[in-house]
Amino acid sequence: MLSNKTILVTGGTGSFGHVFVSMTLARYNPRKLIVLSRDEMKQWEMAKLHKDDDRVRFFIGDVRDKDRLYRALDSVDYVVHAAATKIVPTAEYNPFECIKTNVNGAMNLIDACIDQGVKRVVALSTDKASSPINLYGASKLASDKLFVAGNAYAGEHGTRFSVVRYGNVMGSRGSVIPFFMSLRESGVLPITDARMTRFMISLEQGVELVWHAFQDMVGGEVYVKKIPSMKVVELARAIAPAATHKIVGIRPGEKLHEQMISAEDSLYTYEYPEHYKILPAINGWSESLERIKGGTKVPEGFTYASDTNPEWMSSEALQAWISKNLDRIGKV
């Protein structure tokens, strides 16, 4: 589907963008892959990694700037929306800025994609958009709703929008794995709460979920990858077995457990071998056989949360993953 097509990634210099660009270039051979972001230094560093590949282009711009989006999206076939203000405390203390990027930016992108004739758009979401308790999660829930409804806005223009949702990305810059690794020589690791659990997904799995969404989507679906959970204390022990733990308390807006499908979502959720699909509640789309595609309806009241997840990652599996990916942990 993506072969010989022009693809644009908003926020493309982030952790997801780095891996998406490399994997998509290798798998699909697109005509052009455009990285849109507002940080010139990150673009400079990323451009050096692809200096011999003329398929990769870089575009300075911000999803807050609709005029710039119109220019960037000229002749683009597919869009991955990864740009976001996503650090929970940052959003709590800078709420206006969070809304400008996560909500207003989503609106700008939807309008620009429809008007520029983009075929399909996949927006990245987060576990925090399910039953949100912080501004980041609330803004991403609003963003998800905008992209779902964008299919009705597009009408006969033909642009289709869907969403992918996943939890903690293993080893990404600023995440818990590189944080604990940076502190293990100190002998003390800060633990927010001994009961805390998190979903665990690799960037490669996230990219593959986006590819699947592009191939499967009719419009308005929220795709949720089936992934293992891990207790944060077990994660800490796997990284630094000899370290002691200091309980520091949950940060403002932080959840004890992650959730990706709420009980309310269960009314519209279907299960597949490797993922779940939340169908749109609007316009009767949740009953569309074209969208259901043989999925099995989950029971009413079903939730997909990190503490009740049937699949768990072992310390040995995490240690093996760290050994295999040591050279890039915390760098993208």
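The values are calculated or read from the model by the stated rules, or taken from the named source; none is laboratory data. Keep in mind that this is a model prediction, so the values were computed, not measured. Please note: Cβ atoms are built from the backbone with ideal geometry, for glycine as well, and neighbour counts cover all protein chains shown.
For the range 214-269, which positions are hydroxyl-bearing (Ser, Thr, Tyr) and touching a helix residue (DSSP H, G or I) at 6+ places or on another chain (Cβ under 6 Å)? Scanning the range 214-269 gives 223, 268.
For the range 8-23, name all the residues that are of a type in the set (Gly, Ala, Ser) and touching a residue at least 40 places away in the same chain (Cβ under 8 Å). Walk me through it before giving the result.
Of the residues in the range 8-23, the ones of a type in the set (Gly, Ala, Ser) are 11-12, 14-15, 17, 22.
Correct list: 11, 12, 14, 15, 17.
The helices (runs of 4 or more DSSP H) falling completely within the range 1-116 that include 2 or more residues that are hydrophobic (A, V, I, L, M, F, W, C) and modelled with pLDDT of 95 or more map to 15-28, 40-49, 66-72, 95-99, 105-115.
Would you say residue 79 is within 15 Å of residue 114 (Cβ to Cβ), surrounded by 14 or more Cβ atoms within 10 Å (Cβ to Cβ) and of a type outside the set (Ser, Thr, Tyr)? Outline the logic, then answer.
Numbers: within 15 Å of residue 114 (Cβ to Cβ): yes; surrounded by 14 or more Cβ atoms within 10 Å (Cβ to Cβ): yes; of a type outside the set (Ser, Thr, Tyr): yes.
Answer is yes for this residue.
In the range 220-227, is there at least one residue being of a type in the set (Phe, Trp, Tyr), on the phi < 0 side of the Ramachandran plot and not in a helix (DSSP H, G or I)? Yes: one or more hits. Report yes if some residue within the range 165-186 is closer than 27 Å to residue 138 by Cβ and modelled with pLDDT of 95 or more; otherwise report no. Checked against the condition, which is being closer than 27 Å to residue 138 by Cβ and modelled with pLDDT of 95 or more, the range 165-186 yields at least one hit.
One line per residue, one yes/no per condition, for (1) among the acidic types (Asp, Glu); (2) free of Cβ contacts under 8 Å to residues at least 40 places away in the same chain; (3) within 24 Å of residue 149 (Cβ to Cβ):
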{"site": "258", "(1), (2), (3)": "yes, no, no"}
{"site": "271", "(1), (2), (3)": "yes, yes, no"}
{"site": "283", "(1), (2), (3)": "no, no, yes"}
{"site": "287", "(1), (2), (3)": "yes, yes, yes"}
{"site": "290", "(1), (2), (3)": "yes, no, yes"}
{"site": "295", "(1), (2), (3)": "no, yes, yes"}
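Just so you know, in the range 188-214 the residues that are more than 25 Å from residue 13 (Cα to Cα) and of a type in the set (S, T, N, Q) include one that is surrounded by the fewest Cβ atoms within 10 Å (Cβ to Cβ), and it is 192. Say whether the condition of being touching a His at 6+ places or on another chain (Cβ under 6 Å), under 29 Å from residue 18 (Cα atoms), surrounded by fewer than 21 Cβ atoms within 10 Å (Cβ to Cβ) and not hydroxyl-bearing (Ser, Thr, Tyr) is met by at least one residue in the range 315-326. No, that holds for no residue. For the range 294-310, the tally of residues that are modelled with pLDDT of 95 or more, over 23 Å from the mean Cα position of the chain (by Cα) and not β-branched (Val, Ile, Thr) stands at 4. Being without any contact (Cβ under 8 Å) to a residue 40 or more places away in the chain, among the polar types (S, T, N, Q) and in contact with a strand residue (DSSP E or B) (Cβ under 7 Å, 6 or more places away or on another chain) is the filter here, so list the residues in the range 24-55 that pass it. Of everything in the range 24-55, just one residue is without any contact (Cβ under 8 Å) to a residue 40 or more places away in the chain, among the polar types (S, T, N, Q) and in contact with a strand residue (DSSP E or B) (Cβ under 7 Å, 6 or more places away or on another chain), namely 43.
Inspect all residues belonging to the range 61-84 and state whether any of them is touching a Leu at 6+ places or on another chain (Cβ under 8 Å), under 17 Å from residue 13 (Cβ atoms) and without any contact (Cβ under 8 Å) to a residue 40 or more places away in the chain. Yes; the residues of the range 61-84 include at least one that is touching a Leu at 6+ places or on another chain (Cβ under 8 Å), under 17 Å from residue 13 (Cβ atoms) and without any contact (Cβ under 8 Å) to a residue 40 or more places away in the chain. Just one of (1) closer than 16 Å to residue 163 by Cα; (2) part of a strand (DSSP E or B) fails for residue 189. It is (1).
Of the residues in the range 239-246, at least one is outside any loop (DSSP other than H, G, I, E, B), at pLDDT below 95, surrounded by 18 or more Cβ atoms within 10 Å (Cβ to Cβ) and not hydroxyl-bearing (Ser, Thr, Tyr). Any residue that is in a strand (DSSP E or B), surrounded by 14 or more Cβ atoms within 10 Å (Cβ to Cβ), modelled with pLDDT of 95 or more and in contact with a helix residue (DSSP H, G or I) (Cβ under 7 Å, 6 or more places away or on another chain) - is there at least one of those in the range 277-286? Yes, because at least one residue in the range 277-286 is in a strand (DSSP E or B), surrounded by 14 or more Cβ atoms within 10 Å (Cβ to Cβ), modelled with pLDDT of 95 or more and in contact with a helix residue (DSSP H, G or I) (Cβ under 7 Å, 6 or more places away or on another chain). Looking at the range 203-210, can you tell me whether even one residue there is over 22 Å from residue 317 (Cα atoms) and either modelled with pLDDT of 95 or more or over 14 Å from the mean Cα position of the chain (by Cα) (or both)? Yes, the range 203-210 contains at least one residue that is over 22 Å from residue 317 (Cα atoms) and either modelled with pLDDT of 95 or more or over 14 Å from the mean Cα position of the chain (by Cα) (or both).
Could you tell me whether the range 249-266 includes any residue that is closer than 28 Å to residue 27 by Cβ, surrounded by fewer than 18 Cβ atoms within 10 Å (Cβ to Cβ) and not polar (S, T, N, Q)? Explain how you work it out, then say what you get.
So the first thing to find is which residues in the range 249-266 are closer than 28 Å to residue 27 by Cβ, and the list is 260.
Those still in the list that are surrounded by fewer than 18 Cβ atoms within 10 Å (Cβ to Cβ) too: none.
Checked against the condition, which is being closer than 28 Å to residue 27 by Cβ, surrounded by fewer than 18 Cβ atoms within 10 Å (Cβ to Cβ) and not polar (S, T, N, Q), the range 249-266 yields no hits at all.
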